[in-house]
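Engineer: Okay, here's the structure, questions in a sec.
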Amino acid sequence: MSILSYPKIEEYQLPHKNILVISCIDLRLTDNLLHFLHHDNLHNRYDHFALAGTSLCTHAAHEHRHRFDPQALKTYDHFKPWKTTLDHHLAIAVKLHDIKDVYIIEHEDCGAYKEFLIDGTGTFSSREEEYQCHKEFALTLAREIHTKPFPKEVVKGNEIVLENHQLNVHCFFIDLRGNVRLMDSLT
Ligand SMILES: [Zn+2]
């Protein structure tokens with residue numbers, strides 16, 4: 001029996017309500033991802049949005065443009081449709097399912113890094129270098145989501161008013177054995 005390593009309970013505030021999970025499409029870690037979510041008491045309490053590379057391409061049109069293979073940028077229209085679709089799904093998830101937290105789950109040995117970044121950028125000389133690279137991309141997306149106001153209808157007395165909600169965002173890194181590290185938590 002294997003014993004997986006997960007973040008300690010005091011490292012971040014566990015979500016009390018529903019969450020949105022943003023992960024890579026990678027098929028090798030699907031069961032490990034579910035196992036981790038169940039460990040966090042999130043069974044059937046999450047929406048799931050998958051993008052190749054998780055956060056990698058969400059800011060390819062702006063902040064991280066210079067790190068991408070020009071041909072990949074051309075082929076995928078600077079990944080702008082990917083980001084737009086994510087934004088739309090995040091907004092509808094908040095509206096329909098009262099999302100309060102977002103999990104951004106990066107993973108080891110991600111093929112999208114090799115496919116989309118300029119030569120050499122997606123291959124790493126050490127596991128720590130790989131981890132830090134993922135953390136940089138994940139935090140760019142996390143900061144944007146965390147600072148963005150999400151309008152939500154709230155009943156106050158006899159009235160329905162619009163209130164702006166801020167989402168908590170937690171960034172994780174999962175290795176190929178299913179061990180999970182917390183990269184950062186914005187609350
Ligand atoms: Zn991947």
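The values are calculated or read from the model by the stated rules, or taken from the named source; none is laboratory data. Not measured: the values here are computed from a predicted model. Please note: Cβ atoms are built from the backbone with ideal geometry, for glycine as well, and neighbour counts cover all protein chains shown. Note: areas computed on protein heavy atoms with side chains; ligands, DNA, RNA excluded. Shrake-Rupley method; radii C 1.70, N 1.55, O 1.52, S 1.80 Å.
Engineer: Take a quick pass over region 42-187 and tell me how many lysine pairs come in under 26 angstrom between Cα atoms, counting only ones 8 or more apart or on separate chains.
Structural biologist: 25
Engineer: Kindly state, to the nearest 0.05, the FRET efficiency for T147 paired with R65, given R0 = 30 Å and r defined as their beta-carbon distance.
Structural biologist: Computed FRET efficiency for T147 and R65: 0.90.
Engineer: Per residue, what volume in Å³ does the Cα convex hull of region 46-129 take up?
Structural biologist: So the per-residue hull volume is 104 Å³.
Engineer: With a 1.4 Å probe and all protein chains left in place, how much accessible area per residue does the chain have, in Å²?
Structural biologist: Value for the chain: 55 Å² per residue.
Engineer: Which of the trypsin sites (Lys or Arg not before Pro) found in region 1-84 are in a DSSP loop and have at most 12 neighbouring Cβ atoms, other than their own, within 10 Å?
Structural biologist: Sparse-neighbourhood loop trypsin sites (Lys or Arg not before Pro): K8, K17.
Engineer: Moving to a separate point now. How would you classify region 14-62 from its alpha-carbon gyration tensor, with a ≥ b ≥ c the square roots of the eigenvalues: rounded for a/c under 1.5, else prolate if a/b is greater than b/c, otherwise oblate?
Structural biologist: oblate
Engineer: From Cα pairs below 8 angstrom and at least 6 apart in sequence, can you work out the relative contact order of the chain, rounded to a whole percent?
Structural biologist: 27 percent
Engineer: Another one. From the C-alpha coordinates alone, can you work out the Kirkwood hydrodynamic radius of region 9-186, in Å?
Structural biologist: 16.9 Å
Engineer: Also, quick follow-up: Using a 7 Å offset from the Cα along the Cα-to-Cβ direction at both V161 and A50, what is the distance between the two label points in nm, to one decimal?
Structural biologist: 4.2 nm
Engineer: In the chain, carbon and sulfur make up what percent of the accessible area (probe 1.4 Å)?
Structural biologist: For the chain, the apolar C and S fraction of the accessible surface comes to 52 percent.
Engineer: Sticking with this structure for a sec: So, in nm, how far is label H97 from label D31 when the simple model puts each one 7 Å beyond its Cα toward the Cβ?
Structural biologist: Spacing of the two 7 Å Cα→Cβ label points: 2.3 nm.
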